[in-house]
Each structure stands twice: as structure tokens, then as C-alpha cells.
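These notes concern the structure reproduced below.
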Amino acid sequence: MPRRKQLSVNTTQTELLDITEKLRTGACVPALREAVKAWSAGGYKGITDTTRILLNHWFFTDHKLRTGAPFAFHRSQQEAIETLIFVWEFEKVRSRKALMERYAQNLRDVFLPSYDDFARYCIKMATGSGKTKVMSLAVAWQFLNAVRESGDVAKEYARTFLILAPNVIVLERLKMDFSGGRIFRVDPVIPRELEIFWELDCIMRGDAEKAPAEGMLFLTNIQQFYERADLKTQQEPDAMTAVLGQKPPTQKLELTDFGDRIRLRAGELMVINDEAHHTHDEENEWNKTIRSIADKTPLAVQLDFSATPRFQKGAIFPWTISDYPLKQAILDNIVKRPMKGIAHIVEAKSEYASVRYKGYLTAAVERWREYREQLKMLRRNPLMFVMMNDTEEADDVADWLRSSYPAEFGAKKTQVIHTDKSGEVSKKQLDEAREAVRKVDNPESPINAIISVLMLREGWDVQNVTVVVGLRPYTAKANILPEQAIGRGLRLMFRARGHHWEQEVSRFR
């Protein structure tokens with residue numbers, strides 16, 4: 001394949017900063033990484049003609065966006081999709097057990113799944129590093145092979161796709177990319193010579209039923225497929241397994257639900273789980289739902305995407321095939337650089353959160369003011385996120401911010417999103433939460449602070465966050481809450497070259 005012209009890079013410095021190999025990762029990742037490097041260097045042996053066209057288009061062709069700006073997929077995205085193609089298409093691994101037996105460095109300490117009836121792989125990517133783009137590449141790869149290759153080959157590939165979000169907040173974020181197939185048009189996903197084969201409709205939850213297309217992608221949140229237990233009778237669950245977001249009304253879609261529509265389609269299905277750390281328990285409702293779907297529809301492959309795919313004791317899912325950790329993303333300038341705002345503050349003894357955490361809150365506001373001054377000429381409005389322990393404390397801190405700093409945080413400039421102890425958004429605030437997700441990055445947005453319980457763990461992936469205040473204990477057994485909390489502020493404000501502001505996010509407590 002002709003290679004794209006490479007920009008000048010200080011190779012020695014890059015290699016010194018590349019700490020990926022030294023970081024703790026999934027059991028199969030080190031061996032897979034070396035195998036994929038050799039396979040790629042050898043010219044991608046054993047792939048279909050369709051896959052070769054796609055790889056050449058994605059990674060070895062110069063691209064420009066409609067704005068005229070140059071575009072290239074990041075090497076972490078390339079590594080993720082290359083590894084997926086290597087495992088599924090070249091190695092033809094179709095179970096987690098086979099994957100681990102072939103690539104795990106030590107099977108003695110590896111968890112062997114009790115359910116293993118279809119291919120399932122996990123792709124670990126730091127928050128803000130572009131896992132949604134890898135999802136789109138995976139969909140295009142499967143679908144175009146299904147419709148373009150010969151019968152015996154094509155029948156193994158999926159032409160129906162189900163993307164599952166853990167809550168409505170994540171669902172709204174994914175809709176921005178997949179509604180109307182936007183991501184497949186904006187990004188250089190489909191090569192011009194394959195556009196004639198591209199007939200894929202993207203159906204969002206709530207959309208009216210359409211006439212079946214050659215390919216169909218369904219996007220919804222997992223609650224569509226099962227009834228939640230009465231949350232009022234439950235104790236607070238482990239923070240990693242809590243599912244955020246108010247369950248939408250249980251009425252069917254206009255004509256039928258997604259499960260029925262998928263069962264009526266011919267061919268294979270691909271299931272993509274976003275924020276897939278929620279699937280750590282093989283017996284939870286999420287996994288049961290997917291197995292139920294697989295009983296009625298042939299499932300080609302399940303892909304789990306997460307920045308923190310860990311079990312309760314902290315081990316990474318052993319079916320992880322690609323790992324792009326946060327530390328490497330920081331070194332590569334793919335995300336903001338996290339800064340520790342305060343080393344230590346003695347908390348006051350008080351039943352009121354605003355008194356107890358006054359030191360942290362005051363320091364956070366001062367840092368937010370610094371960012372505001374720095375960003376004023378760039379027409380960006382910095383945002384402060386505050387995570388509290390319960391809704392009463394959230395209201396108390398919001399009142400304190402509004403009264404103490406009326407010019408900056410008074411009235412609607414501070415938004416409180418109420419959730420219960422499991423992270424469920426209150427029904428009356430659901431529309432307000434959705435609106436905040438869509439518009440909070442706009443220069444005209446009046447919001448300077450968002451305060452909530454658990455809401456910062458996932459889904460609130462806005463670009464203008466510069467200060468994160470975690471006033472909730474980091475006690476999850478999986479040791480992922482600190483990374484998830486700071487993850488809410490990692491997405492870059494500016495992706496184009498030429499700006500002079502060093503992009504960072506400060507964490508307090």
C-alpha cells in the first residue's frame with residue numbers, strides 16, 4: 001500500500017515518552033500488540049479485498065474535511081481497528097476462551113467466562129481519545145464486507161448493528177454522531193469506490209419505523225430491553241455497576257420495539273456496548289439481554305468499549321484486545337493534561353457540605369477564574385463540574401455558590417442535576433439534562449457550573465470543562481472513580497493547530 005507522507009517527528013523523544021508497554025494492561029494485549037505490528041508490517045495478509053480497500057483509505061490516504069482542514073485518524077484508533085480485524089478476520093478467533101488460550105501471557109490468573117457462545121472483544125480507550133470513531137470504522141468494515149464479498153465470506157459479516165448506551169445522557173451524546181448517519185458523512189469512513197454499496201440507515205430510539213434497508217444501525221439505551229427493579233427498595237449499588245439515566249417510558253416504539261425489528265432481519269448482528277464496564281458481571285441484566293438477543297438472532301461479534309473495563313477488584317477484562325491508556329493519551333496530547341489543584345486541605349467539621357468543603361470550593365472557583373481570563377480572548381467559557389454525595393449536599397453547595405459568587409454562579413449560571421443514589425436522573429429534569437449536554441459548550445451558554453450526584457462518572461463528555469471538584473468519596477472496589485471523574489474534563493477544547501493555550505483540567509480533592 002502507498003503510505004501517506006509523514007510529518008516530521010522527533011522519533012527518539014516519541015519513543016522515550018511511549019510508556020504503553022510498561023503500563024498494566026489486559027492479559028492478551030502485549031502479545032496481540034506485537035502480533036499485529038508484524039502482521040501490519042507484512043502487508044495485512046489474509047484479509048478480504050474490501051478490508052484492504054478500507055485500510056488503505058483510512059490510514060494510507062491523505063484526507064481533508066469539508067472545511068478544508070487536514071484529517072487523519074490517530075494511531076490509537078488505527079491500532080484498535082487493526083487489532084479487531086486481525087483477531088476476527090485473519091486469526092478467526094470466535095470466542096473469548098480461544099482468544100485467551102492463544103494470547104494471554106498467564107492463564108492461571110485469568111477469568112474464563114461461563115458464557116462464550118459468540119465472539120466478544122473489548123477495546124480500552126481513554127476518555128476523549130475517539131472511541132466513537134473506532135465504532136464507526138468497525139460498522140463500515142463489517143457491513144461493506146457483508147454486501148460486497150462473495151456469499152460464503154459475506155455471510156459471516158454483520159449487516160445489522162445494535163449500539164447500546166448505559167443511560168440517556170450517553171445516548172444523547174452518541175446520537176450527535178450517529179443520527180442520520182452523520183459520522184459516516186463527516187469523517188472519511190467510506191471510500192469513494194465503495195459508496196455505491198453503502199446503504200445503511202441509522203435508527204435512533206424514538207424514531208418511527210422505516211422500510212428495511214440493506215443495512216440498519218439501531219441506537220438505544222439498554223433499558224429498552226428490560227424492566228428495571230424498583231430502585232426505591234434497593235441499597236446504593238457499587239458505583240461501577242450503577243446505571244445512570246432515567247428510564248424512558250416503557251411504551252413500545254411507534255410500531256414495534258428494536259428487539260422485534262432486529263429479529264425480523266436476515267443475516268448477522270453486531271452488538272456494540274458503550275461504557276461497557278457495566279457488563280463486568282456475567283449475570284447482570286445487560287449481559288442477559290444480549291444473550292437473549294443472540295438466542296433469536298445470529299450474533300457475529302460483540303464489541304465492548306470503555307476507558308475502564310474492569311471487574312470489581314480492579315482487573316481489566318481479559319478479552320481486551322487493544323489498550324490506549326490515559327497516561328499515553330496525555331503524552332500524545334489527545335486529551336487535556338490533568339492537574340492536581342490541591343495537595344491537602346483540612347476539612348471543617350460540619351453537617352453542611354458547603355462548610356465542610358469550603359476550602360476546596362473556594363480554591364476551585366479561583367482556578368476557574370484564572371481559566372476564564374485565559375480563555376476570554378478565545379471566546380470559550382470554562383465550566384466547573386462538582387460531584388456530590390447526595391442531592392441534599394448538591395443543593396447546599398449550589399446555594400452557597402450562588403450566594404457567595406452571584407456574578408459568576410448566581411441563578412441559572414449554576415445548574416443542579418438531581419439524581420437518586422444509583423444515579424437516576426429525576427424525570428422532571430431529564431429534558432433539562434439533555435439540553436445542558438447539547439448546549440453547554442456553546443459560547444452563548446450561561447452555565448458556569450454543574451453540580452450533581454454521580455453524573456460526572458460518564459456521559460458528560462463536554463469540551464469546556466476546566467475544573468472538576470470530586471466531593472464524593474472514591475470508594476469503588478474497582479478503583480475507577482477517580483479516573484472517571486477527571487475523565488469528564490479530558491476532551492480537548494481546541495483540536496486545530498495554531499492556538500497557544502495549554503489545554504489542561506484541574507481536579508480538586
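The values are calculated or read from the model by the stated rules, or taken from the named source; none is laboratory data. This is a predicted model, so every value here is computed, not measured. We place every Cβ from the backbone using ideal geometry, glycine too, and count neighbours over all the protein chains shown. The accessibility values were calculated without ligands, DNA or RNA, using every heavy atom of the protein model including side chains. Shrake-Rupley method; radii C 1.70, N 1.55, O 1.52, S 1.80 Å.
Results, tabulated for the structure shown:
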| read-out | value |
| --- | --- |
| Considering residues of the range 313-331 that are assigned to a loop (DSSP other than H, G, I, E, B) and modelled with pLDDT under 85 only, the residue most open to solvent (accessible area, probe 1.4 Å) | K313 |
| Evaluation of V346 against (1) among the aliphatic types (A, V, I, L, M); (2) surrounded by fewer than 24 Cβ atoms within 10 Å (Cβ to Cβ); (3) not in a loop (DSSP other than H, G, I, E, B) (one fails), failing number | (3) |
| Matching option when the condition is under 29 Å from M216 (Cβ atoms) and touching a Phe, Trp or Tyr at 6+ places or on another chain (Cβ under 6 Å), among A119, A146, A138 | A146 |
| All helices (runs of 4 or more DSSP H) inside the range 20-118 with 1 or more residues being open to solvent by 30 Å² or more (accessible area, probe 1.4 Å) and farther than 30 Å from S292 by Cβ | 29-41, 49-59, 75-85 |
| Those residues of the range 258-276 which are open to solvent by 10 Å² or more (accessible area, probe 1.4 Å) and not in a helix (DSSP H, G or I), in sequence order | L264, R265, A266, G267, E268, E275 |
| Residue count for the range 177-214, restricted to those that are in contact (Cβ under 8 Å) with a residue 60 or more places away in the chain and either among the acidic types (D, E) or within 21 Å of A276 (Cα to Cα) (or both) | 3 |
| Condition broken by K64, with the remaining ones in (1) at pLDDT below 95; (2) in contact with an Asp or Glu (Cβ under 6 Å, 6 or more places away or on another chain) satisfied | (2) |
| Within the range 168-205, considering residues that are part of a loop (DSSP other than H, G, I, E, B) and in contact with a strand residue (DSSP E or B) (Cβ under 9 Å, 6 or more places away or on another chain), the one surrounded by the most Cβ atoms within 10 Å (Cβ to Cβ) | D187 |
| Residue within the range 15-37 that is out of contact with any Ser or Thr (no Cβ under 9 Å at 6 or more places or on another chain), among the basic types (K, R) and at pLDDT 95 or above present | yes |
| Residue count, the range 277-312 (criterion: in a loop (DSSP other than H, G, I, E, B) and either under 17 Å from the mean Cα position of the chain (by Cα) or over 16 Å from P113 (Cα atoms) (or both)) | 6 |
| Filtered residues of the range 375-390 (kept if loosely packed, with under 15 Cβ neighbours inside 10 Å and in a helix (DSSP H, G or I)) | K376, M377, L378 |
| Filter pass, A146 being closer than 21 Å to V36 by Cα and either in contact (Cβ under 8 Å) with a residue 24 or more places away in the chain or open to solvent by 10 Å² or more (accessible area, probe 1.4 Å) (or both) | no |
| Exclusive hit being closer than 22 Å to Y324 by Cα, over 22 Å from the mean Cα position of the chain (by Cα) and of a type in the set (S, T, Y), set Y103, Y121 | Y103 |
| Scope the range 391-404; condition surrounded by fewer than 23 Cβ atoms within 10 Å (Cβ to Cβ) and touching a Ser or Thr at 6+ places or on another chain (Cβ under 9 Å); matching residues | T391, E393, D396, A398, D399, W400, R402, S404 |
